[in-house]
Amino acid sequence: MSVGGTWANLRDECDELDGDATLLSPLSGKQFTITSVQDARIVIQYAESGDSQPLQRDQFETLIRRVEDAPGGFDIDRLPPDADPYAAVLTLHPRFEIDAQAGMIRASDKPTGSQRVPAEEETAAGDERAEPDRPVYADLLLLVDAMERHDVDDLETMETPALVNLYTLLSDVQRGTDDLRKDVADLLLDRVHHDQPVHGQFGSVQRTSREYRSLKDDPDVLATLEEAGIDRERVTTVDADKVDEALEVTELSPEEVYEIDESEYVRKAEVDEDRKETRLQGLKDQLAATDDPEADELREEIETLEARIDELTQFSPGQKFHTPSGGET
């Protein structure tokens, strides 16, 4: 089938979609709907931001040619930033599908699946946002409340109990956000491919790697170095663990073999979870019971905070799909 015929069939498939049918971008994971189907473009609207984006016919035709010319399929990672909606819409055509595990979009002679979001997920996306079931969410609310009730721009004027409360909440928030950050990073590791940055509203991420080295067994290392003409005395040093073992069986004191510098610091000793829960519930009840403008403002801040937490796991590319002059996509 000609590229023009494929484009015409794709437009027909888009026209037959329900108005609220939701598609999922394969790289960014963003949900969107098709709002307009025209001769030269297909217009989509992102569910979260409400932003519209026109997807041009010539870009679709370029992608179709690339997919059909690639025997094993077209690598989705080769798509320019902000171009993955093209791949999602193309899967509405019965001849094209995305292999998410392989990160490829392929042409097939048999009917294939699409990037349409199942109906139950569409419904869930449109439901009212629920309170996250993560301890860090409550700690963040309590921290915001504490920072607004005290002058954190001038910490020296704060009473000691207030400083203790602030330090405790900061410690809990740090631990909770570190845990959440790790969970998000683990998911992104499966979704971000190679060295192509993926953009979100507040920044971008990029897959990278680091190298860890650990020495092989001592005899193997020493033998290898000696064969290369390196005396073992040049690479052997005093081992702190072995020194500690020696101190346990002698009358030597640590000061005789260690340079000891002592520093003092504050650490969190315990957390009164019941008091935190009481304060949090009181804060929520107070907000629910008053129509004061300041309460409305705090509600808006809390809603913004909820949105920021939700957006931690949602990313989208940020540039248009252009065909380079050399003919590569």
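Throughout, read-outs are computed from the coordinates displayed, never taken from laboratory work. Just so we're clear, the structure is a prediction, and the values are computed from it rather than from any experiment. Quick reminder, even Gly has a Cβ in these numbers, built from the backbone with ideal geometry, and neighbours come from all protein chains shown.
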Quiz prompt | Simple label model, 7 Å out from Cα along Cβ direction - Asp51 to Asp99, nm | solution = 3.2 nm
Quiz item: Which part of the stretch 1-45 falls in the paramagnetic zone of Asp109, meaning amide N under 15 Å from the point 7 Å along Cα-to-beta-carbon?
Solution: 1
Quiz item: Once the other residues with Cβ under 13 Å from the Cβ of Ala100 are scored (Lys, Arg +1; Asp, Glu -1), what is the net sum?
Solution: -4
Self-check item: Spin-label pair Leu225/Lys242, simplified geometry with 7 Å Cα→Cβ offset, distance in nm
Solution: 1.2 nm
Quiz item: By how many nm would the segment from Thr208 to Ser36 grow when fully extended, if each residue of separation counts as 0.36 nm and the alpha-carbon distance is taken off?
Solution: 58.1 nm
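Find, among the GluC sites (Glu not before Pro) in the stretch 206-260, those assigned to loop by DSSP (not H, G, I, E, B) with at most 16 other beta-carbon atoms within 10 angstrom.
In loop regions of the stretch 206-260 (DSSP not H, G, I, E or B), the sparsely surrounded GluC sites (Glu not before Pro) are Glu211, Glu251, Glu259.
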Quiz item: With labels modelled as points extended 7 Å from the Cα through the Cβ direction, what inter-label distance (nm, one decimal) is found for Leu155 paired with Arg181?
Solution: 1.8 nm
